Amino acid sequence: MKRRGFLRLGAALAAFVLAGRGPNVMAADNSGSPAGLLLVDLEPDGMEPIFRRYRLLVVGQRDSKTASAFAEATVDVLAHFLPASRPRVARAADTRRVGILIGTRQQDVAIMTAESAEALFLAKAPFDDIREVPLRLIVSFGSHVLVCRTDFVDHHAYLLAQALVEHCDLLPAPAVAPSGVVPAHNGSLAYFAGQEMPGD
């Protein structure tokens, strides 16, 4: 990594802590996930708000090996190069459940297919009953994208984009600038435009 990029990442690590992400409150599960990768099952047990407060949860899909691989690789990169985010994979049943979690503000960041993200943004099936979701993209992996909403903190989106792009060799496909119908998040736009990291 270039020295300037390393220094920017290092100086910004505290941002996630200061944003309310506190100590480790999770225990490892026995799901057979790779070593060091903890998973949260997004079932209606009332625990999701606790996990969300203390960690950056990246929502993936249980029914898609490809989406799961992107989610797990994303979390692995962030765990190594943006550790203050305390990232973990959160598992949703399918793409509709992912869209509901993002659209109803129950979760903040997720992996979706580019097609599903566009459908959620345009309120098309299977999301035709979820209207006006302020969906934004952080990075694109080609067939899949990392999504959030407009209320995701700008400098967090910047840091996620930076870490994933600078370590794209550790991902199933390179992280690149978003394009298409769904707009890029402001933090992502700033990173890919070569601008300084946004403040709070």
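Things to note:
- Cβ-based charge dipole, the range 48-193, positive-most Cα from F127, V181, A93: A93
- Listed residues I100, I111 arranged by accessible area, highest first, probe 1.4 Å: I100, I111
- Distance between the pseudo-spin-label points of R131 and D94 (7 Å out from Cα toward the beta carbon): 2.5 nm.
- The Cα-based radius of gyration and maximum Cα-Cα distance (Dmax) for the range 84-200 are 13.5, 38 Å.
- Counting only Cβ charges, +1 for Lys and Arg and -1 for Asp and Glu, the dipole size of the range 83-167 around its Cα centre is about 280 debye.
- In a DSSP loop and with at most 14 other Cβ atoms within 10 Å, the trypsin sites (Lys or Arg not before Pro) in the range 76-178 are R105, K124, R131.
The values are calculated or read from the model by the stated rules, or taken from the named source; none is laboratory data. Everything numeric here is computed off the predicted structure, so don't read it as measured data. Methodologically, a virtual Cβ is constructed for each residue, glycine included, from the backbone with ideal geometry; neighbour enumeration extends over all protein chains shown. Only protein heavy atoms, including side chains, enter the accessible area calculation; ligands, DNA and RNA are left aside. Shrake-Rupley method; radii C 1.70, N 1.55, O 1.52, S 1.80 Å.
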